[in-house]
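The values are calculated or read from the model by the stated rules, or taken from the named source; none is laboratory data. Quick caveat, the model's predicted, so the values are computed rather than measured. Reconstructed Cβ throughout: ideal geometry from the backbone, glycine too, with neighbour counts over all protein chains shown. These accessible areas exclude ligands, DNA and RNA; they are computed on the full protein's heavy atoms, side chains included. Shrake-Rupley method; radii C 1.70, N 1.55, O 1.52, S 1.80 Å.
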Amino acid sequence: MSARRLSIIQPSSFELSDSANKEINKWIKKYPKDRMRSALIPALWIIQKDAGGWLPELALRAIGDMLDMAYIRVYEVATFYTMFNLQPVGVNYVQMCGTTPCWLRGSDELKGLLSRKIGEQNTLSKDGKLSWLEVECLGSCSNAPMVQISNSAGDHYYEDLSPESLEGILDELVAGKQPPQGPRNGRFSSEPIGGAIALNKDLSNKINILDKLPDAEKDTKVNYYEWDPKVKRATRRGWVDPKRKANSDPKKRSGNLGRDLTAGLVDEDPDIARPKRSTNTKSKKAGN
Amino acid sequence: MSNFRKINIDGTEYEVPGEYTLMQACEEAAGAEIPRFCYHERLSVAGNCRMCLVEWVGAPKPQASCALTVNDLRPNRDGTPANIRTNSDTVKKAREGVMEFLLINHPLDCPICDQGGECDLQDQAMAYGRDTARFHENKRAVDDKNMGPLVNTIMNRCIQCTRCVRFITEVAGVEEIGLASRGEDAEITTYLEQSLSSELSGNVIDLCPVGALTSKPYAFNARPWELESVESVDLMDAVGSNIRIDSRAGAVLRIMPVINDSINEEWITDKARFNWDGLSRQRLDSPYIRENGKLRVAKWDEALSLAAEKLSGDPSKIAAIVGDLCDAESMKALKDLMSSLDVKNIDCRQDGMTIGSDQRESYLFNSTINGIEDSDAILIIGSNPRLEASLVNTRIRKSWLAGKTTIALVGEFCDLTYDFEHLGTKPSDVLKLSKGKSGFSKIFKEAKRPSVIIGAGALNRKDTNKILSYINILASKSNLITDQWNGYNVLHNAASRVAGLDMKFLPEDGGLCTKKIIEYSKSGDIETLFLLGADELEMSNLNSTFVIYQGSHGDSGAHIADIILPGASYAEKNGIYVNLEGRVQIGMPAVNPKGQAKEDWSIIRALSGHLGKVLPYDNIDSLRSKLFQDHPSFSGIGYIAKPANPKNFDVLPQKVNKASDDVPFVNPICDFYMTNPILRSSNVMAECSSLTDSLDMTEAAE
């Protein structure tokens, strides 16, 4: 990665949107008045989102004025953290993980594709719709190789990629579509290819994990779930947390983007609630 | 001092204060030498260079001795004090390792580097480094940054110690330098490479342990071992900073600070450091006489005879004014000459200041520069100490940073690098303060050691006495003046002023003060005016007067002069100077006077011969003996003559002038870089000055 410096091309004016202004002020209020520079990193993040994914020089000054701090201090922080872009980014900004797990799983090929399709790192594609950067671990190692693509719709992870699938995603994005996030090799989340092999209703009726453990470990192993036929959900050692009642409509549950991630654990008939995925009954039996 | 801890350094047991860092303990108690780059005793501890590693026996890794205190050490298991080693194999290996890493990206520039010969990295690489490098890859390259006309940057050499960042932020009080990026890309820079605006920015050159920040005017001028050094006193303001003048072959090549913890600590202002190019420009190198409106070169005898002729007239029509850069000896000689001629119109206050005829405390910075750090409430009246006495301002800032003081200002609003309450701009606001019961009034009245700093800009007004009477009211209601403490501080901005006042270079009974002398010159009642380095006057009023100008630089005084007697600048003469707190100091000559110029006192001595009133001293020693005899306060070189009883001091002058003129205060210095003839002759200062003009000062002040 080259030295991170302010872009040569800068907009002639910069106007902070009302919503961003409001949000930054919310952060400023969290700190005592003489310590309001503590809100610097959230403020930089908000202002970067507001300015279209990067920080123009005028934005740095705007933050300096808002937080009553020297511009050089804002500049120091903005150049220190790689999450702040000082160069303009494309409408769709691709951050490709190049850390060891992704590299072992073929990130070099993705890199080749990106430089072929978009060009050099940190430069815009010809139509301005794409730009890319190799970054360090984004924490999705189990789904390596992966990229994060940020645009006005948000930040999305595209995982288990091959150059072909990534090219498809990029083509869709350039065409103005928003491809769904997630793995591209057919599996769900980071489950094994072919579906879950544990904590599955059918399977859990047949397996009692406790039986598999040596006696001495029965009392000490606490981090396991078992299926409770009475309440019809997997519980931790048979204990049900009353606060964690699932919403009856799995698609309305928060935090799972319309998909029911807990389907196999709590619903009466998990197969109906779960999204389609390939099932391999043989693997279930194998655990028996 | 109860917290003493035992510590074993290199096999010997010592007892040191617990709050000492290991570095202090090793150096002060055990006398061991600890190399360092980032650590500086007047800056905060950064601990990022790792050069000061020592071994703590039992600890898995060597420890950075600058960042670990003795209190942090636990004793050994058997209860004996912790063992520190500064010369073991581990330490040697650690230092060699650190040095090797530092040198990975440091260019082998020493033959072309200005720091060569006085470089910490060079010295320490010799003492603590390995013999050869094992790093064969390319070194990193960093763009040089602009930091203004004073600081030259060669950023390849930077080792990221961040001393400059910490100095500018903590001492100078303007956050302008920062460390951008991280890791291999880390670079020292100013925001968008703007020039430094601090009046103390030159100090980063001294602080830089390598050659990354060097002096731009001095670039490629000389090697340190070629220079001859002489210790002297800075005259660019009244603080009296201790300086070292480095010269080679008769030319002053640079000026560096000398540590004096009572005055300038380790810093000097930019005008003290960079005025040296003014010492070789616009110099008066031979006597001149004006004939038919034009100056012509003259012989000394000729000029002195003409001057003597003009000075032997009616003493009531002769006057003498001394300027801001004069040494005590020349003022003493001039005073003795004038009293032998029976001239009473003499004044050393060319800015028209009206104080000085009372006891010594009435015109001194009584709390002393060190003492201002102990003051818990400071009221600044009609002054901008940042420009008038920058190093006093750093002391106030230091105290403010430590939370020891509260500051308020009555006068022009300005950026002082610390927070203060702006109480108003007029003298009556001081009266309001003395009547007030809340806010700063309360703080001031309850303070144990309050102090008032009154600027020169408040002491040359019609209503100066009124202002002093307000301060007197304030003093009566607070602890401003007690047996232990005198917080009444006059902030002079002229280096020669206190010496002049100490020897009472003032109009004697019935004599005229500066303002009147200028007025009478215009009307023709003063026929001959002797200016000893006085250039800050309304010269347009002196056209009809016969002006004898004695000084070093061709400035406004020389332009109007009818006779010019070339004198020596401060770098070329022996001189006694008294700083604003009354401390007497001696300056030594670094080079010879230019051309036919002479030391100032000797010119006056020669003139006295031409007048037939020979002054009773033939050399500077006998002149000094006479000075010490007549004015004993000069005799304690390096010290401040203490008053007998501070409680006896009354701020109010004996002669009370009731004039009231409640107009806002105006600060006397608006252009920091152009306050005297030497600075006005300097190209470097002119560049700084034009840079300041181009900044939007109103925006900067907000």
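Report, by residue number, each residue of the range B:322-350 that is under 22 Å from B:Ala571 (Cα atoms) and not acidic (Asp, Glu). Break it down stepwise before answering.
Step one: list which residues in the range B:322-350 are under 22 Å from B:Ala571 (Cα atoms), which gives B:322-334, B:348.
Within the range B:322-350, B:Val322, B:Gly323, B:Leu325, B:Cys326, B:Ala328, B:Ser330, B:Met331, B:Lys332, B:Ala333, B:Leu334, B:Cys348 qualify.
Please specify each residue of the range A:174-189 satisfying the condition of being of a type in the set (D, E, K, R) and under 29 Å from A:Gly128 (Cβ atoms). Show your work before the answer.
So in the range A:174-189, the residues of a type in the set (D, E, K, R) come out as A:177, A:184, A:187.
Passing the criteria: A:Lys177, A:Arg184.
Quick one: which strands (runs of 3 or more DSSP E) sit completely within the range B:197-302 and have at least 3 residues that are surrounded by fewer than 24 Cβ atoms within 10 Å (Cβ to Cβ)?
Working: elements: B:213-215, B:228-233, B:242-248, B:251-257, B:288-291, B:294-297.
Because the criterion is at least 3 residues that are surrounded by fewer than 24 Cβ atoms within 10 Å (Cβ to Cβ), the strands (runs of 3 or more DSSP E) in the range B:197-302 that meet it are B:228-233, B:242-248, B:251-257, B:288-291, B:294-297.
Out of the residues in the range B:520-544 meeting the condition of being surrounded by fewer than 18 Cβ atoms within 10 Å (Cβ to Cβ) and free of Cβ contacts under 8 Å to residues at least 40 places away in the same chain, tell me which one is nearest to the chain's Cα centre (by Cα).
Per the criteria, the residue is B:Glu538.
Kindly establish whether B:Gly58 is open to solvent by less than 60 Å² (accessible area, probe 1.4 Å) and part of a loop (DSSP other than H, G, I, E, B). Spell out how you get there, then give the answer.
On the way: open to solvent by less than 60 Å² (accessible area, probe 1.4 Å): no; part of a loop (DSSP other than H, G, I, E, B): yes.
Considered against the rule, which asks whether it is open to solvent by less than 60 Å² (accessible area, probe 1.4 Å) and part of a loop (DSSP other than H, G, I, E, B), B:Gly58 comes out as no.
Just to be sure before I move on: is B:Asn619 more than 21 Å from the chain's Cα centre (by Cα) and touching a residue at least 24 places away in the same chain (Cβ under 8 Å) in the structure I sent?
No; evaluated as a whole, the condition is false for this residue.
When you scan the range A:1-18, how many residues do you find that are more than 14 Å from chain B (Cβ to nearest Cβ) and either free of Cβ contacts under 8 Å to residues at least 24 places away in the same chain or open to solvent by 80 Å² or more (accessible area, probe 1.4 Å) (or both)? Spell out the reasoning first.
Pass one, the range A:1-18, residues more than 14 Å from chain B (Cβ to nearest Cβ): A:9, A:11-18.
Narrowing further to those that are either free of Cβ contacts under 8 Å to residues at least 24 places away in the same chain or open to solvent by 80 Å² or more (accessible area, probe 1.4 Å) (or both): A:9, A:12-13, A:15, A:18.
Matching residues across the range A:1-18 total 5.
Would you say A:Arg35 is basic (Lys, Arg) and away from chain B (no Cβ under 12 Å)?
On the way: basic (Lys, Arg): yes; away from chain B (no Cβ under 12 Å): yes.
So A:Arg35 passes the test.
Considering each residue of the range A:98-137, count those that are touching a strand residue (DSSP E or B) at 6+ places or on another chain (Cβ under 7 Å) and under 23 Å from A:Lys177 (Cβ atoms), and give that number. Give the derivation first.
Taking the range A:98-137 as the starting set, the residues that turn out to be touching a strand residue (DSSP E or B) at 6+ places or on another chain (Cβ under 7 Å) are A:98, A:107, A:110-111, A:114, A:118, A:121-125, A:129-135, A:137.
Next cut, under 23 Å from A:Lys177 (Cβ atoms) only: A:110, A:114, A:118, A:124-125, A:129-133.
The total comes to 10.
Scan the range B:353-368 for residues that are touching a Leu at 6+ places or on another chain (Cβ under 7 Å), within 20 Å of B:Thr514 (Cα to Cα) and open to solvent by less than 30 Å² (accessible area, probe 1.4 Å) and report the count.
Of the residues in the range B:353-368, 4 are touching a Leu at 6+ places or on another chain (Cβ under 7 Å), within 20 Å of B:Thr514 (Cα to Cα) and open to solvent by less than 30 Å² (accessible area, probe 1.4 Å).
What helices (runs of 4 or more DSSP H) completely inside the range B:545-635 contain at least 1 residues that are modelled with pLDDT of 95 or more and open to solvent by 10 Å² or more (accessible area, probe 1.4 Å)?
The qualifying helices (runs of 4 or more DSSP H) are B:600-611, B:620-630.
Looking at the range B:362-393, which of its residues are under 20 Å from B:Arg461 (Cα atoms) and more than 17 Å from the chain's Cα centre (by Cα)?
Hits for the range B:362-393 are B:Ser362, B:Tyr363, B:Leu379, B:Ile380, B:Ile381, B:Gly382.
Identify the residue in the range A:40-83 that is within 13 Å of another protein chain (Cβ to nearest Cβ) and polar (S, T, N, Q) and, among all such residues, is most open to solvent (accessible area, probe 1.4 Å).
If we take residues in the range A:40-83 being within 13 Å of another protein chain (Cβ to nearest Cβ) and polar (S, T, N, Q), then A:Thr82 is most open to solvent (accessible area, probe 1.4 Å).
How many residues are open to solvent by less than 10 Å² (accessible area, probe 1.4 Å) and of a type in the set (Ser, Thr, Tyr) if we restrict to the range B:306-338?
1
Could you list all residues from the range B:153-196 that are open to solvent by 10 Å² or more (accessible area, probe 1.4 Å), more than 12 Å from every other protein chain (Cβ to nearest Cβ) and over 23 Å from B:Met99 (Cα atoms)?
Result: B:Glu170, B:Val171, B:Ser195.
The conditions are (1) open to solvent by less than 80 Å² (accessible area, probe 1.4 Å); (2) away from chain B (no Cβ under 14 Å), and A:Lys29 fails exactly one of them. Which is it?
(1)
If we scan the range B:420-429, do we find a residue that is under 26 Å from B:Glu175 (Cβ atoms), open to solvent by less than 10 Å² (accessible area, probe 1.4 Å), in contact (Cβ under 8 Å) with a residue 12 or more places away in the chain and in contact with a Gly (Cβ under 8 Å, 6 or more places away or on another chain)?
Just the residues of the range B:420-429 that are under 26 Å from B:Glu175 (Cβ atoms), to begin with: B:420-422.
Retained after the next criterion (residues that are open to solvent by less than 10 Å² (accessible area, probe 1.4 Å)): none.
No: the range B:420-429 contains no residue that is under 26 Å from B:Glu175 (Cβ atoms), open to solvent by less than 10 Å² (accessible area, probe 1.4 Å), in contact (Cβ under 8 Å) with a residue 12 or more places away in the chain and in contact with a Gly (Cβ under 8 Å, 6 or more places away or on another chain).
Name the residue that is farthest from A:Pro42 (Cα to Cα), counting only residues in the range A:84-117 that are surrounded by fewer than 21 Cβ atoms within 10 Å (Cβ to Cβ) and among the β-branched types (Val, Ile, Thr).
A:Thr100
Just a yes or no: is a residue in the range B:13-25 under 17 Å from B:Gln160 (Cβ atoms) and either more than 32 Å from the chain's Cα centre (by Cα) or without any contact (Cβ under 8 Å) to a residue 12 or more places away in the chain (or both)? First the steps, then the outcome.
Of the residues in the range B:13-25, the ones under 17 Å from B:Gln160 (Cβ atoms) are none.
No: the range B:13-25 contains no residue that is under 17 Å from B:Gln160 (Cβ atoms) and either more than 32 Å from the chain's Cα centre (by Cα) or without any contact (Cβ under 8 Å) to a residue 12 or more places away in the chain (or both).
Quick one: in the range B:636-678, which of the residues that are polar (S, T, N, Q), assigned to a loop (DSSP other than H, G, I, E, B) and surrounded by fewer than 17 Cβ atoms within 10 Å (Cβ to Cβ) is modelled with the highest pLDDT? Write out each step before concluding.
Filtering the range B:636-678 down to residues polar (S, T, N, Q) leaves B:645, B:648, B:654, B:657, B:660, B:667, B:675-676.
Right, trim to assigned to a loop (DSSP other than H, G, I, E, B) and you get B:645, B:654, B:657, B:660, B:667, B:675-676.
When the remaining residues are screened for being surrounded by fewer than 17 Cβ atoms within 10 Å (Cβ to Cβ), the result is B:645, B:654, B:657, B:660.
Working: B:Asn645: 66, B:Gln654: 64, B:Asn657: 66, B:Ser660: 74.
Among them, the one singled out is B:Ser660.
Among the residues of the range B:507-544, write down those that are hydroxyl-bearing (Ser, Thr, Tyr) and either out of contact with any strand residue (DSSP E or B) (no Cβ under 8 Å at 6 or more places or on another chain) or more than 14 Å from B:Ser316 (Cβ to Cβ) (or both).
Taking the range B:507-544 as the starting set, the residues that turn out to be hydroxyl-bearing (Ser, Thr, Tyr) are B:514, B:520-521, B:523, B:528, B:540, B:544.
B:Thr514, B:Ser523, B:Ser540, B:Ser544, listed by residue number.
Report yes if some residue within the range B:509-519 is open to solvent by less than 10 Å² (accessible area, probe 1.4 Å) and either in a loop (DSSP other than H, G, I, E, B) or within 22 Å of B:Ser441 (Cβ to Cβ) (or both); otherwise report no.
To start, the set of residues in the range B:509-519 that are open to solvent by less than 10 Å² (accessible area, probe 1.4 Å) comprises B:514, B:517.
Subset that is either in a loop (DSSP other than H, G, I, E, B) or within 22 Å of B:Ser441 (Cβ to Cβ) (or both): none.
No, every residue in the range B:509-519 fails to be open to solvent by less than 10 Å² (accessible area, probe 1.4 Å) and either in a loop (DSSP other than H, G, I, E, B) or within 22 Å of B:Ser441 (Cβ to Cβ) (or both).
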